[in-house]
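**Q** Take a look at the following structure, please.
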Amino acid sequence: MSKSRHARNWLRGGVLALSGLRRCPLCGGKALPSGASHMHAHLLCRTCSLIFVADRPPAEDLRASYQRVHESDFQVAHKADWAPFLEHKALTLDRLGVPAAGRGRALDLGCGEGILLGLLAARGYTPWGLELNPTMAAQARGQGFDVVEGSLEDDPAPTGVPWPFALALMN
């Protein structure tokens with residue numbers, strides 16, 4: 001991992017949080033910089049403790065952006081071997097201070113096929129997912145996970161999601 005890229009993402013997250021440009025997508029609360037990886041800046045909501053990616057697409061572009069990402073060559077390569085992805089996510093969770101021996105329910109907003117749900121389960125959480133793509137939601141449910149189809153942009157409190165959570169992530 002490039003240290004300069006990591007530092008740049010940390011700085012970008014700080015600027016977005018402190019300028020008030022990024023509010024929590026779950027409750028609208030103010031965010032603080034929480035960490036960074038080589039791919040993203042992470043923010044922590046001061047109100048509900050959601051850790052989320054600072055540079056998510058605007059709500060009006062979410063569906064189109066999401067579809068492009070999941071059809072890209074990068075994602076196809078990811079799906080051939082999940083090990084590097086899981087390694088990266090475990091390291092990111094560690095850097096963000098997510099306990100390795102968690103308890104309670106954890107929500108993954110945008111859970112995809114449920115790969116991160118498996119990692120959360122391995123850490124002791126009872127994982128739940130919220131997924132925009134019906135095909136991916138079905139794949140995650142096929143692995144035995146509780147997943148609700150929808151998005152927070154469409155419904156801030158989707159039916160079937162058992163609030164509150166000990167941990168909520170926007171992957």
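Nothing in this text is a laboratory measurement; each read-out follows from the coordinates by a stated rule. Computed from a predicted model, the values in this text were never measured in an experiment. Glycine gets a Cβ as well: all are built from the backbone with ideal geometry, and neighbour counts include every protein chain shown.
**Q** Treating only the Cβ atoms of Lys and Arg (+1) and Asp and Glu (-1) as charged, compute the dipole magnitude of the stretch 109-171 about its Cα centre; round to the nearest 20 debye.
**A** 300 debye
**Q** Scan the stretch 120-171 for GluC sites (Glu not before Pro) in coil per DSSP, keeping those whose Cβ has at most 15 other Cβ atoms within 10 Å, and list them by number.
**A** Counting only loop positions with at most 15 other Cβ atoms within 10 Å, the GluC sites (Glu not before Pro) in the stretch 120-171 are Glu153.
**Q** If the viscosity is 0.890 mPa s and the temperature 25 °C, what translational diffusion coefficient in µm²/s does Stokes-Einstein give for the stretch 98-171 when Rh comes from Kirkwood over Cα pairs?
**A** 206 µm²/s
**Q** Taking the stretch 112-153, how much of its Cα-Cα pair set, in percent, is spaced more than 17 angstrom apart?
**A** Pairs farther apart than 17 Å: 22 percent.
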